[in-house]
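Single-structure report; data block below.
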Amino acid sequence: MKQSIFRRNVSVFPIVAFALMIAPGVGQAQSRADCSEAPPPGVGVSVGGSSPYFDLSRGVVQGDDRGSVIVHGGPQLSARADLPVSGAWRARVEGAAANWRVTRQTYEGVQLTADETVGHVKARQIAAMIGRQGGRSPVCGYVLAGGGIYSFDYKGARVRSPGVALAFGLEVPAGDHGAVQADMRLDIIDSRARYPIASTTVLGASLSVGWSHKF
């Protein structure tokens with residue numbers, strides 16, 4: 001089930017990207033240099049959802065020996081700064097916060113008898129990435145790669161670990177100093193199976209749409 005939730009969130013990104021590209025008049029309000037040129041610096045925010053794939057340690061949820069414990073996705077809020085590097089190269093520093101719902105499912109045979117929420121994992125991250133953009137103006141796509149520090153807190157038990165971050169995005173100008181951005185993020189975090197996380201690696205996927213002010 002966790003794999004299907006994770007894959008479903010990843011597969012939604014092409015739909016978001018397509019909707020953004022066909023939005024009427026979005027890129028007409030602002031002239032934009034070719035996508036092969038350095039973008040102007042900008043700061044912005046984005047909202048969306050994130051979905052994790054990992055297991056909590058045995059016993060971290062009271063009564064988990066009677067059923068399955070599943071970590072579901074949840075809302076995510078991000079703040080970011082985009083910086084030009086050279087030509088089509090661009091960089092980003094991004095901080096994000098998400099809450100992932102934890103449920104305990106109890107079965108009798110194959111029959112689900114209870115599905116209850118037993119708290120939330122508070123996920124926090126800050127990452128720095130660099131990459132290139134391309135495409136045809138006014139719609140520019142970009143691919144970024146880098147790393148960051150990730151923090152997970154469940155009922156006071158906290159893990160802080162490094163990880164790898166990958167971002168795929170689209171940017172369309174809107175207004176004289178603005179841009180709409182749609183992003184998919186993939187994160188691979190080395191959790192080292194430290195309590196309250198049983199998995200050695202935490203996988204995360206997020207989809208977000210946001211606004212960036214260009215200077």
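If amide hydrogens are placed 1.01 Å from N in the peptide plane, which non-local residues have theirs closer than 5 Å to the one on Asp55?
Ala198, Ser199
Taking only C-alpha pairs under 8 Å that are 6+ residues apart, what is the relative contact order of segment 109-181 in percent?
Computed value for segment 109-181: 27 percent relative contact order.
For segment 85-102, take each phi angle, set θ = phi - 60°, evaluate the Karplus expression 6.51 cos²θ - 1.76 cosθ + 1.60, and give the result in whole Hz per residue in order, putting x for glycine and proline.
Using θ = phi - 60°, the values come out as 10, 6, x, 7, 7, 9, 10, 9, 10, 9, x, 9, 9, 9, 10, 10, 6, 10 Hz.
List, in order, the whole-Hz ³J(HN,Hα) value for each residue of segment 162-173 obtained from phi through the Karplus relation with A = 6.51, B = -1.76, C = 1.60 and θ = phi - 60°; use x for Gly and Pro.
Per residue, the Karplus-derived 3J(HN,Hα) values read x, x, 9, 10, 10, 10, 10, x, 10, 9, 10, x Hz.
Which cross-chain or sequence-distant (5 or more) residues have an amide H under 5 Å from the amide H of Ser191, H modelled 1.01 Å from N in plane?
Thr201, Val202
Order 134-143, 112-121 from most to least packed using the mean count of other Cβ atoms within 10 Å.
134-143, 112-121
Stretched out fully, how many nm does the piece from Lys155 to Thr201 gain, at 0.36 nm a residue minus the Cα gap?
14.5 nm
Go through Phe168, Phe215 and list them by solvent-accessible area, largest first, probe radius 1.4 Å.
Solvent-accessible surface, decreasing: Phe215, Phe168.
For segment 193-198, in order, what is each residue's ³J(HN,Hα) by Karplus, 6.51 cos²θ - 1.76 cosθ + 1.60 with θ = phi - 60°, in whole Hz (x at glycine and Pro)?
6, 9, 3, x, 10, 8
The values are calculated or read from the model by the stated rules, or taken from the named source; none is laboratory data. Since we're looking at a predicted model, the values are computed, not measured. No Cβ is skipped: glycine too gets one built from the backbone with ideal geometry, and neighbour counts run over all protein chains shown. To get the accessible areas, we keep the full protein, side chains included, count just its heavy atoms, and leave off ligands, DNA and RNA. Shrake-Rupley method; radii C 1.70, N 1.55, O 1.52, S 1.80 Å.
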